[in-house]
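> The structure follows.
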Number of protein chains: 2
Amino acid sequence: MELSSLTFGEYSLVYNMLSFTIASMLAAGLFFILAQHRVAPKYRISLIVSTLVVGIAAYHYFRITGSWADAFMISETGNYVASGKPFNDAYRYVDWLLTVPLLLVELVLVLNLSREKSGPMLTKLVIAATLMIGLGYPGELLGAESMFSERGLWGFLSTIPFIYILWILFGELGKAMEGQPERVRVLFRNIRLLLIFTWGFYPIVYMAPFFGLTGSESIVAIQVGYTIADVLAKAGYGVMIYAIAREKSINEGYQLSAA
Amino acid sequence: MELSSLTFGEYSLVYNMLSFTIASMLAAGLFFILAQHRVAPKYRISLIVSTLVVGIAAYHYFRITGSWADAFMISETGNYVASGKPFNDAYRYVDWLLTVPLLLVELVLVLNLSREKSGPMLTKLVIAATLMIGLGYPGELLGAESMFSERGLWGFLSTIPFIYILWILFGELGKAMEGQPERVRVLFRNIRLLLIFTWGFYPIVYMAPFFGLTGSESIVAIQVGYTIADVLAKAGYGVMIYAIAREKSINEGYQLSAA
């Protein structure tokens with residue numbers, strides 16, 4: 001990414017949002033660990049997977065924050081200018097490669113379907129998610145003038161598994177929800193909407209260079225947008241997974257133990 | 001290792017794969033700790049050993065990532081050139097010296113054989129694994145022109161304990177599997193295949209200089225290959241050990257506790 005000169009306010013906004021994300025991810029992880037006993041034992045595995053997701057994200061946000069700080073230096077006019085060290089945005093792809101499949105895994109696990117149903121569904125979703133991220137990465141490294149550049153091609157290829165994932169979430173998985181209690185179905189519909197809403201942000205950023213959005217304001221908007229999307233899609237999503245697990249536990253008569 | 005000049009893409013690919021490995025190892029370790037209660041108490045020792053393995057690996061990958069970053073600097077043309085500081089690949093040997101015996105220990109432990117069987121088997125495997133790594137190390141430090149150089153000799157010596165390990169895994173340990181449930185035997189066969197497949201990568205890298213593979217593309221391929229092999233052989237292997245432990249626990253009527 002070409003780094004423009006940033007004002008003090010622009011540089012700080014990104015830096016502080018990155019730090020906000022670290023705090024959010026760590027706090028969410030602590031909650032998922034500490035709240036384990038509030039859900040029935042069979043649902044704890046989805047809280048464990050939520051913990052891994054926010055833990056992996058926290059690690060990458062530490063790295064991204066460091067890289068952001070290294071990529072700039074203060075000029076004599078008080079602006080932040082490129083230091084010469086590149087800002088490594090690829091940490092995000094590495095993060096998604098691990099966390100996106102896990103996000104789908106926690107969703108399937110919390111529904112507690114039969115082994116025969118959940119096994120093949122997990123395999124399909126994990127492969128599709130890995131392909132989606134893996135196919136986006138080569139395009140991210142390329143600059144792009146138009147939607148019909150090589151970047152556009154990789155973006156298009158990456159969209160195919162994305163649509164496949166949506167198709168499973170609304171088809172096969174939607175159908176599996178029919179036997180679930182009303183409140184769980186509402187929560188499931190909400191978490192699916194959160195997923196589409198937050199994941200929808202990533203292709204928008206991917207396409208930003210096609211519309212000439214590469215200046216300092218775009219860089220700031222993209223980084224701030226990424227952090228908000230990540231906090232919602234990982235920490236917020238995990239809290240919703242917890243709500244589903246808690247609701248199902250209560251429905252099945254699970255009592256908080258006295259221990 | 002002679003360091004060639006690398007393009008930005010080559011340098012970044014290795015750096016990002018090293019960082020990916022740190023994240024994977026840490027996440028796997030968190031999982032092995034948090035998932036303890038999902039297996040019967042007697043199998044938890046193998047999850048503990050898995051945690052040590054990925055913990056040790058995470059530590060070494062932090063070191064390797066730092067050494068990689070220190071070994072290069074950005075030139076005026078935007079390429080990465082040797083900074084003069086050596087890239088310390090020997091961290092890998094130190095890592096293996098600790099982790100390879102532990103990987104064999106967790107495999108034997110999860111099978112939960114009788115003390116009379118597992119004790120001598122563990123002793124033999126740990127000694128063989130230590131010899132295998134120890135004998136490979138002196139050769140790694142030497143440059144090599146041909147397979148009949150000193151490097152080739154150490155490589156050959158290191159292969160002897162490797163074959164002995166395979167002989168135990170397929171002979172004595174294979175026989176001990178006969179009384180186990182069908183799904184456990186399938187998992188055991190898979191983990192043994194994973195072990196051969198991933199461990200097989202290391203001698204290939206060891207022999208790379210014999211075939212003149214020392215340029216920048218070889219360095220990148222070797223480092224990326226090492227990270228993939230390590231993630232599979234440690235984190236992936238640990239997840240398979242967990243699957244065996246979980247399967248055996250369910251078979252023996254272990255219930256997730258409510259506490």
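The values are calculated or read from the model by the stated rules, or taken from the named source; none is laboratory data. Predicted model only: the values in this text are computed from it and were never measured. Here Cβ is always computed from backbone atoms with ideal geometry, including for glycine, and neighbour counts include all displayed protein chains. Side chains included, ligands, DNA and RNA excluded: accessible areas come from the protein's heavy atoms. Shrake-Rupley method; radii C 1.70, N 1.55, O 1.52, S 1.80 Å.
> Select from region A:195-208 the residues that are open to solvent by less than 30 Å² (accessible area, probe 1.4 Å) and assigned to a helix (DSSP H, G or I) and write down the one among them that is farthest from A:SER149 (Cα to Cα). Before you say what the answer is, go through the steps one by one.
Narrowing region A:195-208 to residues open to solvent by less than 30 Å² (accessible area, probe 1.4 Å): A:195, A:198-200, A:205-206, A:208.
When the remaining residues are screened for being assigned to a helix (DSSP H, G or I), the result is A:195, A:198-199, A:205-206, A:208.
On the way: A:LEU195: 28, A:THR198: 26, A:TRP199: 23, A:VAL205: 16, A:TYR206: 13, A:ALA208: 13 Å.
Among residues in region A:195-208 that are open to solvent by less than 30 Å² (accessible area, probe 1.4 Å) and assigned to a helix (DSSP H, G or I), the one farthest from A:SER149 (Cα to Cα) is A:LEU195.
> Being closer than 18 Å to A:LEU47 by Cβ and of a type outside the set (Asp, Glu) is the filter; apply it to region A:245-254 and report the residue that is nearest to the other protein chains (Cβ to nearest Cβ). Working first, answer last.
Step one: list which residues in region A:245-254 are closer than 18 Å to A:LEU47 by Cβ, which gives A:245-252, A:254.
When the remaining residues are screened for being of a type outside the set (Asp, Glu), the result is A:245-246, A:248-251, A:254.
Working: A:ALA245: 13, A:ARG246: 15, A:LYS248: 15, A:SER249: 11, A:ILE250: 14, A:ASN251: 16, A:TYR254: 8 Å.
Looking at the filtered set, the residue picked out is A:TYR254.
> Same structure, new question: State yes or no: is A:GLY119 surrounded by fewer than 19 Cβ atoms within 10 Å (Cβ to Cβ) and part of a loop (DSSP other than H, G, I, E, B)?
Numbers: surrounded by fewer than 19 Cβ atoms within 10 Å (Cβ to Cβ): yes; part of a loop (DSSP other than H, G, I, E, B): no.
Spelling it out, it is not the case that A:GLY119 is surrounded by fewer than 19 Cβ atoms within 10 Å (Cβ to Cβ) and part of a loop (DSSP other than H, G, I, E, B).
> What about A:SER4, is it free of Cβ contacts under 8 Å to residues at least 40 places away in the same chain and away from chain B (no Cβ under 12 Å)? Walk me through how you get there before you give the answer.
On the way: free of Cβ contacts under 8 Å to residues at least 40 places away in the same chain: no; away from chain B (no Cβ under 12 Å): yes.
Here the answer is no, as A:SER4 does not meet what is asked.
> Can you tell me which residue is surrounded by the most Cβ atoms within 10 Å (Cβ to Cβ) among those in region A:41-69 that are aromatic (Phe, Trp, Tyr) and more than 17 Å from B:GLY29 (Cα to Cα)?
Within region A:41-69, the first condition is being aromatic (Phe, Trp, Tyr), and the residues that meet it are A:43, A:59, A:61-62, A:68.
Subset that is more than 17 Å from B:GLY29 (Cα to Cα): A:43, A:61-62, A:68.
Values: A:TYR43: 25, A:TYR61: 27, A:PHE62: 17, A:TRP68: 19.
Within region A:41-69, the match that is surrounded by the most Cβ atoms within 10 Å (Cβ to Cβ) is A:TYR61.
> Identify, from the list B:LEU173, B:LEU169, B:LEU193, the residue that is out of contact with any helix residue (DSSP H, G or I) (no Cβ under 6 Å at 6 or more places or on another chain) and within 22 Å of B:LEU131 (Cβ to Cβ). Working first, answer last.
On the way: B:LEU169 fails: out of contact with any helix residue (DSSP H, G or I) (no Cβ under 6 Å at 6 or more places or on another chain); B:LEU193 fails: within 22 Å of B:LEU131 (Cβ to Cβ).
Sole residue among the options that is out of contact with any helix residue (DSSP H, G or I) (no Cβ under 6 Å at 6 or more places or on another chain) and within 22 Å of B:LEU131 (Cβ to Cβ): B:LEU173.
> Looking at region B:158-169, is at least one residue open to solvent by 50 Å² or more (accessible area, probe 1.4 Å) and over 23 Å from B:GLY119 (Cβ atoms)?
Just the residues of region B:158-169 that are open to solvent by 50 Å² or more (accessible area, probe 1.4 Å), to begin with: B:159-160, B:163-164, B:167.
If we keep only those that are over 23 Å from B:GLY119 (Cβ atoms) as well, we get B:159-160.
Yes, region B:158-169 contains a residue that is open to solvent by 50 Å² or more (accessible area, probe 1.4 Å) and over 23 Å from B:GLY119 (Cβ atoms).
> Hey, another quick one. Going by what's in this entry, would A:ALA57 be described as in contact (Cβ under 8 Å) with a residue 60 or more places away in the chain and farther than 28 Å from A:TYR164 by Cα? I'd like the intermediate steps shown before the answer.
On the way: in contact (Cβ under 8 Å) with a residue 60 or more places away in the chain: yes; farther than 28 Å from A:TYR164 by Cα: no.
Considered against the rule, which asks whether it is in contact (Cβ under 8 Å) with a residue 60 or more places away in the chain and farther than 28 Å from A:TYR164 by Cα, A:ALA57 comes out as no.
> Which residue, of B:ARG185, B:ARG151, B:ARG246, is of a type outside the set (Gly, Ala, Ser), open to solvent by 50 Å² or more (accessible area, probe 1.4 Å), assigned to a helix (DSSP H, G or I) and farther than 17 Å from B:LEU104 by Cβ?
Details: B:ARG151 fails: open to solvent by 50 Å² or more (accessible area, probe 1.4 Å); B:ARG246 fails: open to solvent by 50 Å² or more (accessible area, probe 1.4 Å).
Testing whether each residue is of a type outside the set (Gly, Ala, Ser), open to solvent by 50 Å² or more (accessible area, probe 1.4 Å), assigned to a helix (DSSP H, G or I) and farther than 17 Å from B:LEU104 by Cβ leaves just B:ARG185.
> Which residue out of B:GLY200, B:GLY179 is closer than 21 Å to B:ASN112 by Cα and either touching a Phe, Trp or Tyr at 6+ places or on another chain (Cβ under 6 Å) or not acidic (Asp, Glu) (or both)? Full working, then the answer.
Numbers: B:GLY200 fails: closer than 21 Å to B:ASN112 by Cα.
The unique qualifying residue is B:GLY179.
> Is it the case that some residue within region A:132-141 is closer than 30 Å to A:VAL81 by Cα and open to solvent by 60 Å² or more (accessible area, probe 1.4 Å)?
Here is the first cut: in region A:132-141, the ones closer than 30 Å to A:VAL81 by Cα are A:136-141.
Imposing the further condition that a residue be open to solvent by 60 Å² or more (accessible area, probe 1.4 Å) reduces the set to A:141.
Among the residues of region A:132-141, at least one is closer than 30 Å to A:VAL81 by Cα and open to solvent by 60 Å² or more (accessible area, probe 1.4 Å), which makes the answer yes.
> Given (1) away from chain A (no Cβ under 12 Å); (2) out of contact with any helix residue (DSSP H, G or I) (no Cβ under 8 Å at 6 or more places or on another chain), where does B:VAL94 come up short, assuming only one miss?
Result: B:VAL94 fails condition (2) only.
> Given B:ARG38, B:ARG44, which one is farther than 30 Å from A:SER83 by Cβ and within 14 Å of another protein chain (Cβ to nearest Cβ)?
On the way: B:ARG44 fails: within 14 Å of another protein chain (Cβ to nearest Cβ).
None of the others qualify; the one that does is B:ARG38.
> Here is a further query. Tell me, yes or no, whether region A:108-116 has at least one residue that is within 11 Å of chain B (Cβ to nearest Cβ) and polar (S, T, N, Q).
no
> Which numbered condition in (1) at the interface with chain B (Cβ under 7 Å from one of its Cβ atoms); (2) open to solvent by 10 Å² or more (accessible area, probe 1.4 Å) is the only one that A:PHE72 fails?
Going through the list (1) at the interface with chain B (Cβ under 7 Å from one of its Cβ atoms); (2) open to solvent by 10 Å² or more (accessible area, probe 1.4 Å), A:PHE72 breaks only (1).
> Could you list, ordered by first residue, the pairs with Cβ atoms under 6 Å in which the first is in region A:152-179 and without any contact (Cβ under 8 Å) to a residue 60 or more places away in the chain and the second is open to solvent by 80 Å² or more (accessible area, probe 1.4 Å) and small (Gly, Ala, Ser), at least 6 apart or interchain?
If the second residue must be open to solvent by 80 Å² or more (accessible area, probe 1.4 Å) and small (Gly, Ala, Ser), no pairs are left.
> Would you please list the contacts, defined by Cβ atoms under 6 Å and residues six or more apart or on different chains, that run from a residue in region A:20-38 that is part of a helix (DSSP H, G or I) to a residue that is polar (S, T, N, Q) and buried (at least 16 other Cβ atoms within 10 Å of the Cβ)?
Here the result reads A:THR21/A:THR227; A:GLY29/A:THR51; A:PHE32/A:SER50; A:PHE32/A:THR51; A:ILE33/A:THR51, each pair linking region A:20-38 to a residue that is polar (S, T, N, Q) and buried (at least 16 other Cβ atoms within 10 Å of the Cβ).
> For region B:83-95, how many residues are open to solvent by 50 Å² or more (accessible area, probe 1.4 Å) and over 28 Å from the mean Cα position of the chain (by Cα)? Give the derivation first.
So in region B:83-95, the residues open to solvent by 50 Å² or more (accessible area, probe 1.4 Å) come out as B:84-86, B:88, B:91, B:94.
Right, trim to over 28 Å from the mean Cα position of the chain (by Cα) and you get B:84.
Qualifying residue count, region B:83-95: 1.
> Is it true that B:SER118 is among the polar types (S, T, N, Q), in contact with a Leu (Cβ under 8 Å, 6 or more places away or on another chain) and closer than 18 Å to B:PHE201 by Cα?
Numbers: among the polar types (S, T, N, Q): yes; in contact with a Leu (Cβ under 8 Å, 6 or more places away or on another chain): yes; closer than 18 Å to B:PHE201 by Cα: no.
For B:SER118, the condition - among the polar types (S, T, N, Q), in contact with a Leu (Cβ under 8 Å, 6 or more places away or on another chain) and closer than 18 Å to B:PHE201 by Cα - is not met.
> A follow-up question, please. Is it the case that some residue within region A:85-100 is in a helix (DSSP H, G or I) and more than 30 Å from B:ILE74 (Cβ to Cβ)? Talk me through it step by step, then tell me what you get.
Pass one, region A:85-100, residues in a helix (DSSP H, G or I): A:91-100.
Adding the requirement that they be more than 30 Å from B:ILE74 (Cβ to Cβ) leaves A:100.
Yes.
> Among the residues of region B:201-244, count how many are away from chain A (no Cβ under 14 Å) and within 30 Å of A:GLN255 (Cα to Cα).
Counting residues in region B:201-244 that are away from chain A (no Cβ under 14 Å) and within 30 Å of A:GLN255 (Cα to Cα) gives 0.
> Looking at (1) within 12 Å of chain A (Cβ to nearest Cβ); (2) on the phi < 0 side of the Ramachandran plot, can you tell me which one B:LEU104 breaks?
(1)
> Only one of these conditions is not met by A:TYR80: (1) away from chain B (no Cβ under 13 Å); (2) surrounded by 17 or more Cβ atoms within 10 Å (Cβ to Cβ); (3) within 19 Å of A:GLY225 (Cα to Cα). Which number is it?
A:TYR80 satisfies every listed condition except (3).
> State which residue is most open to solvent (accessible area, probe 1.4 Å) when the search covers only region B:23-35 and only residues that are within 24 Å of A:GLY66 (Cα to Cα) and at the interface with chain A (Cβ under 7 Å from one of its Cβ atoms).
Among those that are within 24 Å of A:GLY66 (Cα to Cα) and at the interface with chain A (Cβ under 7 Å from one of its Cβ atoms), it is B:LEU26.
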